[in-house]
Amino acid sequence: MQLGKPTRTTLALIAWLALLGTACSSKQSKTERPDGQASSEDPLAETSEDEVLLEPYAAPTLETLDAQAEWVDQDVLDSMELLRERQQQEGLPSIAVAKALAMRNTSTESNRDMRLALGRLPENDSQVDYNAALTRHLAVDVKSTNPLMASSAAEFEVNSLTSFGLFGFDWKFRPFASTATVVSWQKSKDGMIDKVVMRDDLVWSDGQPITAHDIVFSFQTIMNPKVPVPAVRQGTDQLRWVEAYDDHTVVFFHREALATNTWNINFPIIPKHIYEKSIADDPTLQNSDYHVQQENHPISGGPYKIVRRERGQTVLLERREDFYLHQGKPVRPKPHFKTIRFRVVTDSNTALLALKKGDLEETQLNAEQWTAQTNDDEFYKRNTKISDTEWVSYHFCWNCKSVFFSDRRVRQAMSHAFDHEELLKKLCYDLYEPCTGTFHRQSWMYPKQNVPQPYHQDLDKAEDLLAQAGWEDSNGDGILDKQVAGRRQDFRFTILCGQTPRSIKICTLLKESLDQIGIICSVKPTEFTVLQQVSRDHKFHATFGGWGTGADPSTSKNIFATGENRNYGQYSNRRVDDLFYQGEREFDRDKRAEIYGQIHNQLWEDQPYTWLFYRNAFYGFNKRLRGYNFSPRGPYSYSPGFDAIWVPAAN
Amino acid sequence: MTTDASSSPDHSPAEPLVSRGFWQETWLRFRRRRLAMSALYFVCFLGLVALFSPCIAGTKPVVCQYKGNLYFPALGYWNRAWENPIFRKDRFRNRYPKNLAAKDPDSWAVWPLVYQDPYRRVRDDEWDGQPGNPTGADGRPNRHNWFGTDQSGVDVFAQMVHGTRIALLVGFVSMGIAAAIGVVVGALAGFLGGWVDVLLSRLIELVMCIPSLVLILSLIAIIEEVTIWHLMAVIGVTSWTGIARLTRAEFLKLKRMEFVTAAQALGASKFRIMFRHILRNALAPILVPITFGIAAAILVESGLSFLGFGAPPPNPSWGTLLNSGRVMIQQTWWLILFPGLAIFLTVLAYNLIGEGLQEATDPRLRKAEK
């Protein structure tokens, strides 16, 4: 039943974690967010209305395709079954649920035991309270309920429960088609075509059938330059065409045989019968009265539908009975909750208080909360907390085109100058691991040879590197300087960060570190949307931010390849560009791993970022919840993710 | 013949009775008010704390001899450029105690009363016998951190001592700006009257309509590098309207007085009459809103810092401390109590001084008191 969820997998984006808490993109792509605040990506900002993104294509007949393609069957799986199999292989947890609920999470061992015990799926339906209502936390408001318009973590979170999708990926980022929506998925031997046969028992929440024509319409809408889709075009634009041969057979034609094609066919689906006529009048899909009405009362294709939405406060979802029942008979697993209420609480302290009071039943915890505010009886009375590895990394991004950071030695000096130990041990309470590059050290693409070693503060080395790069205190004023274009340039720069206390503290630590070697760094906390705009325009010296992980390493291309839209620091290295090119065209996983490992090492050598730490997942859950399991993208953004969470029946 | 019993036998002439001037009289009456005087002492105390903050809490020597020369590194807390660059050249890395001894065994130094820094955490190996500052909820008040530490381990006492400078500066500078504008505008409007008065009165009303907080937030968004001076300037240029109106009223009243007519008859210029003759007579009631304004400015700055719109970090302002206490309000009470108390007492002190001034200068209140 992994509809919606991270099923949508286009490769694209990375959401920047800097300021507010947690945001993640839907797809398998990397996610970007400023510490919990919504990110609003706009890769189309530069697309003119006259631009044609999609040339007409004369698709061959299905008979011709079937005769020529040499189809290879792809996985069509039930993610819940996958998880069940994994749990069977793991065996029974070492402690019972009751004990896990009575325990306090004080060590790695207790965390593991509690996670395994409380993450178990129900053995049968009678154990589940299907009338349960759940209250979840949203750190920011949902700006749009249209899956095409989703750009923030909050929007992806809500959309994952209400929208329709064909594909998903598991906790190891293995892609598959979902049994809930797909009968078969085949790929041509040359990798240029994907054919999907959809189930015939799928309906939108208004009763209209979901067909292959909706898929085609959604694709064409995404590729319509007049439609300002914020975050989902990237990846989808790698497709040459999508053709519906009948109501249930849809074929995806690729421009090129790429290893990433599997991800490109996973994009959000909207109902054709709702938008077909209105899109010409209002391509924004948001401004006309009709579209406003659709925004407030959207048609759902997923397991839940939105029944109420109060801006800035709450989004109430209700289970769709017609999702899992067809003509009165169950055809899909029944979603575990009758209603899900998302409550918007922007302040993390308020969210924690609400969790303790029982007004919220899950929330992400920050390091301070995990360490100091969730150890008392008041917290454990109703809740418990669980942690797991999450591939989210934070960094300082240096603008490689700026006068200060164009020289690799200067960037390396920054990494040597920063007090990493103080950051990890004191500011991060020893909860996080040092980050050693763009890929997580547990990921398959992490280099196996020449493994990067974390930086440690070495001010002498930093000063030596700066001197080599020409930065010395020539006039004895205590500030490093250099002759640039015939003028003396003092080493004074501004670092932009989000407005959360943690971002500010980390940048202040950088300022303190650099002050010791005669560099003046000003810290400028900046509102998230401004920060995004400045980043896109490259109008900065340095920024502090973070990235969630993409499901495929190629998602890093738009951060580090020359001229890519998320290459905010304007880093450019021909070798890295070539390796990304090769990586997309290499199908053998081991060889791909080697290629991306080389990219990783080259980036580590060049230090376009000073990588700081991996932030793990820390969550507080109400004690009545079960079934939470984690992936490198946290407990929700994968398959089955949220679908696995349940509440036990009363007895 | 009768003799005056009081007359002195040496027949020295009687002392002529000298009547006290207005300011003397005001001071005398002000001194009689205990609360106002306590408040004044408190503000003077804060002034001393602000002035000598680098000597009270810091990690840089107040004075030291190094390689045969005398230096005053603590001045670096006032202005980075005043800290001699020799210490950067010699790679002191802002760690003076051990580096002084290691790099010049003959060196000596006079240290601040408390070895704590308002901008950074003191580490383990910096000062003999003093452990590194604790972080997070462990930073409760202790022997080395009298008012505890914030989440990053920066000493709260050191921040409060150095924050006093910001609090007083904000108050005095912003109200200095406001007073300068307010007095000039009010004086011109009140003295010149006519179309000047109409024009300036409308200007006053216009500025009164601008919400200073919103203006400050807008300016912060525009200005590339916001400093505390920007905040002071904005608070100043939006807070002068009350002073201007009061000045105008005083000038309207005083310009009809005989001493003004006399000055005019003597041929004094308008400027001289306004600022030499009338202003000194109008100043006492104007001081009252200025005093209250200082309190308000401190509150605005604290509020801005609390909201995260204050001076750029690291900014040891009382409001910033309050803000950091908000994150773990149930655990880190010391981050709320001490800065909250400081803001409360300082604002109260200024208000008491203002009230005392008002009572001391307003004859109607004086009578009521009797």
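Which condition breaks for A:GLY437 when tested against (1) buried (at least 23 other Cβ atoms within 10 Å of the Cβ); (2) more than 20 Å from A:HIS420 (Cβ to Cβ); (3) more than 10 Å from chain B (Cβ to nearest Cβ)?
The single condition A:GLY437 does not satisfy is (2).
Failed condition for B:ASN79, given (1) modelled with pLDDT of 95 or more; (2) loosely packed, with under 14 Cβ neighbours inside 10 Å; (3) out of contact with any strand residue (DSSP E or B) (no Cβ under 7 Å at 6 or more places or on another chain); (4) not aromatic (Phe, Trp, Tyr), with all others met?
It fails just one condition, (1).
Restricted to region B:310-342, and to residues that are of a type in the set (Val, Ile, Thr) and buried (at least 21 other Cβ atoms within 10 Å of the Cβ), which residue is farthest from A:ASN366 (Cα to Cα)?
B:THR320
Being among the aromatic types (Phe, Trp, Tyr) and over 21 Å from A:LEU65 (Cα atoms) is the filter here; which residues of region A:248-306 pass it?
A:TRP263, A:PHE267, A:TYR275, A:TYR290, A:TYR304
Do we find a residue being in a helix (DSSP H, G or I), touching a Ser or Thr at 6+ places or on another chain (Cβ under 8 Å) and crowded, with 23+ Cβ neighbours inside 10 Å anywhere in region A:571-584?
The answer is yes, given that some residue of region A:571-584 is in a helix (DSSP H, G or I), touching a Ser or Thr at 6+ places or on another chain (Cβ under 8 Å) and crowded, with 23+ Cβ neighbours inside 10 Å.
Please work out which residue is nearest to B:CYS44 (Cα to Cα), limiting yourself to region B:141-172 and to residues that are touching a helix residue (DSSP H, G or I) at 6+ places or on another chain (Cβ under 6 Å) and surrounded by fewer than 21 Cβ atoms within 10 Å (Cβ to Cβ).
Here the residue is B:LEU168.
A:LYS539 is checked against (1) more than 8 Å from chain B (Cβ to nearest Cβ); (2) in a helix (DSSP H, G or I); (3) without any contact (Cβ under 8 Å) to a residue 12 or more places away in the chain and fails just one. What number does that condition carry?
Of everything listed in (1) more than 8 Å from chain B (Cβ to nearest Cβ); (2) in a helix (DSSP H, G or I); (3) without any contact (Cβ under 8 Å) to a residue 12 or more places away in the chain, A:LYS539 misses just condition (2).
Looking only at region A:117-153, filter to residues that are aliphatic (A, V, I, L, M) and under 15 Å from A:LYS385 (Cβ atoms); which one of those is farthest from the chain's Cα centre (by Cα)?
A:ALA117
Within region A:453-510, which residues are out of contact with any strand residue (DSSP E or B) (no Cβ under 8 Å at 6 or more places or on another chain), more than 10 Å from chain B (Cβ to nearest Cβ) and outside any loop (DSSP other than H, G, I, E, B)?
A:LYS461, A:ALA462, A:ASP464, A:LEU465, A:ALA467, A:GLN468, A:VAL484, A:ARG487, listed by residue number.
Select the helices (runs of 4 or more DSSP H) contained entirely in region A:251-328, then report the ones holding at least 1 residues which are of a type in the set (Ser, Thr, Tyr) and surrounded by 22 or more Cβ atoms within 10 Å (Cβ to Cβ).
It comes to A:261-264, A:272-275.
Given the structure, is B:ASN351 away from chain A (no Cβ under 14 Å), surrounded by fewer than 19 Cβ atoms within 10 Å (Cβ to Cβ), in contact (Cβ under 8 Å) with a residue 24 or more places away in the chain and closer than 30 Å to B:TYR77 by Cβ?
Yes, satisfied.
With B:LEU322, B:LEU279, B:LEU217, B:LEU246 as the choices, which residue is in contact (Cβ under 8 Å) with a residue 60 or more places away in the chain, within 14 Å of chain A (Cβ to nearest Cβ) and of a type outside the set (Asp, Glu)?
Within the list B:LEU322, B:LEU279, B:LEU217, B:LEU246, the selection yields B:LEU217.
For (1) touching an Asp or Glu at 6+ places or on another chain (Cβ under 8 Å); (2) of a type in the set (Gly, Ala, Ser); (3) in a loop (DSSP other than H, G, I, E, B); (4) buried (at least 18 other Cβ atoms within 10 Å of the Cβ), each residue gets a yes or a no:
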{"site": "A:ASN349", "(1), (2), (3), (4)": "no, no, no, no"}
{"site": "A:ASP359", "(1), (2), (3), (4)": "no, no, yes, no"}
{"site": "A:PHE379", "(1), (2), (3), (4)": "no, no, no, yes"}
{"site": "A:LYS401", "(1), (2), (3), (4)": "no, no, yes, no"}
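State yes or no: is A:ASP515 more than 10 Å from chain B (Cβ to nearest Cβ) and among the charged types (D, E, K, R)?
no
Can you tell me which of B:ASP117, B:ASP124 is more than 8 Å from every other protein chain (Cβ to nearest Cβ) and surrounded by fewer than 20 Cβ atoms within 10 Å (Cβ to Cβ)?
Matching residue, one of B:ASP117, B:ASP124: B:ASP124.
Scan (1) at pLDDT 90 or above; (2) more than 22 Å from A:TRP241 (Cβ to Cβ); (3) surrounded by 13 or more Cβ atoms within 10 Å (Cβ to Cβ) for the single condition A:THR31 breaks and write down its number.
Evaluating A:THR31 over (1) at pLDDT 90 or above; (2) more than 22 Å from A:TRP241 (Cβ to Cβ); (3) surrounded by 13 or more Cβ atoms within 10 Å (Cβ to Cβ) leaves (1) as the failure.
Which ones in region A:598-613 are under 30 Å from A:ALA367 (Cα atoms) and within 22 Å of the chain's Cα centre (by Cα)?
Within region A:598-613, A:HIS600, A:LEU603, A:PRO608, A:TYR609, A:THR610, A:TRP611, A:LEU612, A:PHE613 qualify.
Would it be correct to say that B:VAL196 is in contact with a Leu (Cβ under 7 Å, 6 or more places away or on another chain), over 30 Å from B:ALA57 (Cβ atoms) and crowded, with 18+ Cβ neighbours inside 10 Å?
When the stated conditions are applied, B:VAL196 does not pass them.
Working only within region A:412-434, note down all residues that are small (Gly, Ala, Ser) and away from chain B (no Cβ under 13 Å).
A:ALA413, A:SER415
If only one of A:LEU603, A:LEU531 is part of a helix (DSSP H, G or I), buried (at least 18 other Cβ atoms within 10 Å of the Cβ) and within 14 Å of chain B (Cβ to nearest Cβ), which one is it?
Just a single option satisfies the conditions, and that option is A:LEU531.
Restricting the first residue to region B:325-348 and requiring it to be within 14 Å of chain A (Cβ to nearest Cβ), which pairs with a second residue that is among the β-branched types (Val, Ile, Thr) meet a Cβ separation below 6 Å and a spacing of at least six or different chains?
The qualifying pairs are B:GLY325/B:THR332; B:GLY325/B:ILE336.
Can you report the number of residues in region B:96-114 which are buried (at least 19 other Cβ atoms within 10 Å of the Cβ) and either aromatic (Phe, Trp, Tyr) or within 11 Å of another protein chain (Cβ to nearest Cβ) (or both)?
Residues flagged as buried (at least 19 other Cβ atoms within 10 Å of the Cβ) and either aromatic (Phe, Trp, Tyr) or within 11 Å of another protein chain (Cβ to nearest Cβ) (or both) within region B:96-114 amount to 1.
The values are calculated or read from the model by the stated rules, or taken from the named source; none is laboratory data. Everything numeric here is computed off the predicted structure, so don't read it as measured data. Cβ coordinates were reconstructed from backbone atoms using ideal geometry, including for glycine residues, and neighbour counts include every protein chain displayed.
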